[in-house]
Amino acid sequence: MTQPLIRQILDYGNRANPYPLYAKLRETPVLHDGHGTYVIGAYWEILSLLHDPRVSSDRRKRTVKDIYGLTEEGSEDSTLPTPFLRLDPPEHDRLRTITNRSFGPPHSPRRVLEMRSELELIVSGLIDGIEDTGRIDLVEQFSYPFPVTAICRLLGVPRGDETRFHTWADTLAASLDPMPGEDPAERNRRTREAQLQLGGYLAELIEERRSRPGDDMLSELANDSGADDPLSTIEAITTAALLLIAGHETTVNLITNGMLTLLRNPQILRRLADDPGLVPRIVEELLRYEPPVQLLPNRTAVADIDMGDVTIPRGSALWLVLGSGNRDPRRFADPDRFDPERGDNQHLGFGSGIHICFGAPLARQETQLALSHLARRLHNPRLLEDPPPYRHNAVLRGPRHLPIACDDIRP
């Protein structure tokens, strides 16, 4: 018996290539599953809903039960308060505005840019550490450790404590990608323990930075006297934890999906090796072609919304399938072709509206550095498995491992 389309999209067997299913999804402007979930896959409809004040990011406003078990960053039984990612105005606006003072324009316009030399050192060190060029797991050896180390440096975590951060990140990342046959109670126990340990560590670090501030983001979060209503300690902890998990997990996928796509398009990989100036356009096309977040399952209608011939009732679950919108032929010509020369590439890779990805500037810079260095330094890189094994998570889609080989590592 054929599964309903929504179940096919979630089926792990289709994880390596969900795009033919997305084409079917776009044939129906609004797909209703019959249980209170409405799925939208067309570009213009998704963009409209991302800017619609009748759409909430607070799952507590939903009146239907989640029968699919999808979660995003931070589970409902988290030991930390809800991050601003899953709040609505005015709470969302207050927390995001204060956090942005420490992260980017206008108050800290050069923070990400000034990390570039340090990020390059991290990238170079990881590539230098590759010993067996006959089999490299790019996820384990490069694209996973790089972003979490970058987040540690951004926050100002002492170098000696970075190993502990990596351990907590491993545990929390595993909670987002449950494996078949895994005991959910044991996974939840490990997740809560990691959250408590991470929260306790951050609380101590924040108190230390209040008395002895440094030139790092955590010090600014702890001491921002420019805000009318500064972050409390628990709000600073929650924000720092959000940066660790949300920023890390999406960048892992973006780098890994990016290298996989370039290895499948060797002519573009060779061009990048010769001309690093191509990398910004390559990354923007990757965000369209293979976005690290495939769908947003946590939106809720807080009023009746008419879309075409369908009325989405208040309290219903909304799934916005970004990966489908990015391949919509009504918006992008020849959408299934990877084309870094594409013009007017207003993709949905980082979302849009008030919840547009907070860490986009850092993710862009990390991915640009990662791909340009890999392209230049790996001599004759090639895939060992295609498709590679994917993560089970349908929201944060990317390879769990990416086995590749190369002839040698260039200096």
message: Based on this model, can you work out whether Arg281 counts as among the basic types (Lys, Arg) and closer than 18 Å to Arg327 by Cα?
response: yes
- prompt: Could you count how many residues in segment 15-43 are touching a helix residue (DSSP H, G or I) at 6+ places or on another chain (Cβ under 8 Å) and open to solvent by 60 Å² or more (accessible area, probe 1.4 Å)?
  reply: 2
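Quick grid of which residues meet (1) closer than 30 Å to Asp11 by Cα; (2) part of a helix (DSSP H, G or I); (3) touching a helix residue (DSSP H, G or I) at 6+ places or on another chain (Cβ under 7 Å):
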residue: Glu140; (1), (2), (3): yes, yes, no
residue: Phe146; (1), (2), (3): yes, yes, yes
residue: Trp168; (1), (2), (3): yes, yes, yes
residue: Asn188; (1), (2), (3): yes, yes, no
residue: Thr191; (1), (2), (3): yes, yes, yes
residue: Glu207; (1), (2), (3): no, yes, no
residue: Arg210; (1), (2), (3): no, yes, yes
residue: Asp228; (1), (2), (3): no, no, no
- prompt: Considering Gly343, Gly349, which residue is small (Gly, Ala, Ser) and touching a strand residue (DSSP E or B) at 6+ places or on another chain (Cβ under 9 Å)?
  reply: Gly349
query: How many residues are open to solvent by 20 Å² or more (accessible area, probe 1.4 Å), without any contact (Cβ under 8 Å) to a residue 40 or more places away in the chain and under 27 Å from Asn100 (Cβ atoms) if we restrict to segment 236-289?
result: 0
Residue that is surrounded by the fewest Cβ atoms within 10 Å (Cβ to Cβ) [pool: residues in segment 360-411 that are of a type in the set (Lys, Arg) and touching a Pro at 6+ places or on another chain (Cβ under 9 Å)]: Arg382
message: Taking the conditions exactly as written (at negative phi, over 20 Å from the mean Cα position of the chain (by Cα) and at pLDDT 90 or above), does Ser117 satisfy them or not?
response: yes
message: Considering only segment 312-326, I want to know if a residue exists there that is open to solvent by 10 Å² or more (accessible area, probe 1.4 Å), of a type in the set (Ser, Thr, Tyr) and touching a residue at least 40 places away in the same chain (Cβ under 8 Å).
response: no
field: Filter result for the condition that a residue is touching a strand residue (DSSP E or B) at 6+ places or on another chain (Cβ under 7 Å) and part of a loop (DSSP other than H, G, I, E, B), over Leu70, Leu49
entry: Leu70
Candidates His379, His392 - the one that is at pLDDT below 95, in contact with an Asp or Glu (Cβ under 7 Å, 6 or more places away or on another chain) and over 22 Å from Leu154 (Cβ atoms): His392
query: Does Val157 count as crowded, with 17+ Cβ neighbours inside 10 Å and not in a helix (DSSP H, G or I)?
result: yes
query: Of all residues in segment 358-409 being of a type in the set (D, E, K, R) and more than 18 Å from the chain's Cα centre (by Cα), which is nearest to Ile130 (Cα to Cα)?
result: Asp408
message: Taking the condition of being out of contact with any helix residue (DSSP H, G or I) (no Cβ under 6 Å at 6 or more places or on another chain), open to solvent by less than 50 Å² (accessible area, probe 1.4 Å) and over 12 Å from Pro158 (Cβ atoms), how many residues in segment 193-202 meet it?
response: 2
- prompt: So, of the residues in segment 116-138 that are among the aliphatic types (A, V, I, L, M) and in a helix (DSSP H, G or I), which turns out to be farthest from Asp408 (Cα to Cα)?
  reply: Leu119
message: Going residue by residue through segment 174-195, is there one that turns out to be aliphatic (A, V, I, L, M), within 25 Å of Arg400 (Cα to Cα) and in contact with an Asp or Glu (Cβ under 7 Å, 6 or more places away or on another chain)?
response: yes
query: If you go through segment 177-186 one residue at a time, do you hit one that is assigned to a helix (DSSP H, G or I), farther than 21 Å from Leu231 by Cβ and at pLDDT below 80?
result: yes
query: Out of Asn298, Asn257, Asn345, which single residue is under 24 Å from Pro20 (Cα atoms) and part of a helix (DSSP H, G or I)?
result: Asn257
task: Might you check whether a residue that is more than 30 Å from Gly277 (Cα to Cα) and open to solvent by 10 Å² or more (accessible area, probe 1.4 Å) occurs anywhere in segment 349-357?
output: yes
Complete set of residues in segment 107-126 that are open to solvent by less than 20 Å² (accessible area, probe 1.4 Å) and over 16 Å from Gln368 (Cα atoms): Ser108
statement: Ala174 passes all but one of the listed conditions (1) farther than 22 Å from Glu207 by Cα; (2) modelled with pLDDT of 80 or more; (3) assigned to a helix (DSSP H, G or I); the exception is number (2)
message: Residues that are under 19 Å from Thr99 (Cβ atoms) and open to solvent by less than 60 Å² (accessible area, probe 1.4 Å): does segment 127-146 have at least one?
response: no
task: Could you please tell me which pairs satisfy a Cβ distance under 6 Å, a separation of 6+ or placement on different chains, a first residue in segment 214-225 that is at negative phi, and a second residue that is of a type in the set (Val, Ile, Thr)?
output: Ala222/Ile206
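The values are calculated or read from the model by the stated rules, or taken from the named source; none is laboratory data. The structure presented is a predicted model; accordingly, all values stated were derived computationally and were not measured. Cβ sites come from the backbone with ideal geometry, for glycine too, and all protein chains shown count toward neighbours. Protein only, heavy atoms only, side chains kept; ligands, DNA and RNA dropped before computing areas. Shrake-Rupley method; radii C 1.70, N 1.55, O 1.52, S 1.80 Å.
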